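The structure under discussion appears below in the form of structure tokens.
Every number in this text was worked out from the coordinates using simple rules, so none of it is lab data. Just so it is clear, the structure is predicted and the values come from calculations on it, not from any experiment. When we count neighbours, we look across all protein chains shown, and the Cβ atoms used for this are built from the backbone with ideal geometry, even at glycine.
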Amino acid sequence: MDWMAWTWPTAIFFIIIAATLVVFTVLAIKFPETPRNGVLGIETTRGDRLFITLLGSAFINLAWLGMLSAPQWGALIVCLIYAAAVFRWA
Amino acid sequence: MNKTVNQKAWFLILPVLVLVAFSAVIPLMTVVNYSVQDTFGKNEFFWAGLEWFEEMLGSQRMWDALGRQITFSAIILAIEIPLGIFVALNMPKKGFWASLCLVLMSLPLLIPWNVVGTIWQIFGRVDIGLLGHTLAAMGIDYNYTQNPTAAWITVIVMDVWHWTSLVALLAYAGLQSIPDAYYQAAKIDQANRWKVFRFIELPKIMGVLMIAILLRFMDSFMIYTEPFVVTGGGPGNATTFLSIDLVKMALGQFDLGPAAAFSIMYYLVILLVSYVFYTVMTNLDKRDGH
């Protein structure tokens, strides 16, 4: 595994992503759902909303890093608000 | 829609997931690991945090390459999609000529990228190439190794030559699937050629056209081999697209950290655009009731 140059922060990042995917898979099996039409005008399932959240969060973090000189945890707060909005209204 | 979605079928794609894990996920994880570290070789890494991302976001070089890349993709889409539809509309519908056209249209698609690059590299040369020599004889100042405009034209014409037939073949397949009844109804209504195209053919081929746009966008956004073989990214940096710049950075300068941060951002842009296309495509399918 040496060649993959692991670090603890990146390992934790991937563990969280993997755990989220497992939780959402279990949720999808235990509680099958009906796709719904939200503010984005497209049909979304929980999985879609998770994908939109993760992809959007990546861009929020990059925008924060590129445009503001504030600490990065600020972006995380914005991402949490964004995630809540996506899961509630998208 | 009240039907619940059964997600268990996803387990059927487990074998593919295992394959993809080795060919894509593990390398991608490695790139993420590289993007937060610095290395001087010998597999020794030092923590750098978000420094490379910050550096790349402020790098004029990356924004320039992104600008060139977007311009390139926009130009080739603006040419290849209408041209492909035009070719498909004018191809014979059946018989020997239809088969011949299909074979001829497939030929450019069968040629490997580096060979296409080599063909055009020689074709455009002023000393020995048919195109370059002819243009020079006509008094046109064409030299793709020195003139950025000539380099751009060469790279664009090469891409159009290589890939328009893909769009044409997809559009042709879409056109072939339109039942005759639609054309008969249009004839009864005395619709002219434009109206037949606008209200029958175009809506009916929209699905495959979206696939064509998606494929051509992704391919052109990731293009490397052809322009690299023809122009090597030059003259200067005129045709240095994102992937050429990325390879220069990662392999030429061995700046693995910045290159990893760069490639993650590159990947995110492609993922975003592909997701938008995918969503539009599936929504079109649902609207058409497939």
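Tabulated values for the structure
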item	result
Members of the stretch B:177-201 that are more than 25 Å from the chain's Cα centre (by Cα), assigned to a helix (DSSP H, G or I) and of a type outside the set (A, V, I, L, M, F, W, C)	B:D180, B:Y182, B:Y183, B:Q184, B:K187, B:R193, B:K195, B:R198
Qualifying residue in the stretch B:103-116 (condition: in contact (Cβ under 8 Å) with a residue 40 or more places away in the chain, in contact with a Pro (Cβ under 9 Å, 6 or more places away or on another chain) and buried (at least 18 other Cβ atoms within 10 Å of the Cβ))	yes
Given (1) within 14 Å of chain A (Cβ to nearest Cβ); (2) in contact with a Phe, Trp or Tyr (Cβ under 8 Å, 6 or more places away or on another chain); (3) surrounded by 16 or more Cβ atoms within 10 Å (Cβ to Cβ), index of the condition B:A48 fails	(2)
The stretch B:248-270, residues that are surrounded by fewer than 13 Cβ atoms within 10 Å (Cβ to Cβ) and part of a helix (DSSP H, G or I)	B:L251, B:G252
Filtered residues of the stretch B:34-51 (kept if of a type in the set (F, W, Y) and in a loop (DSSP other than H, G, I, E, B))	B:F40
Matching residues, the stretch A:10-44, being within 7 Å of chain B (Cβ to nearest Cβ) and over 14 Å from the mean Cα position of the chain (by Cα)	A:T10, A:A28, A:I29, A:P32, A:E33, A:T34, A:P35, A:I42
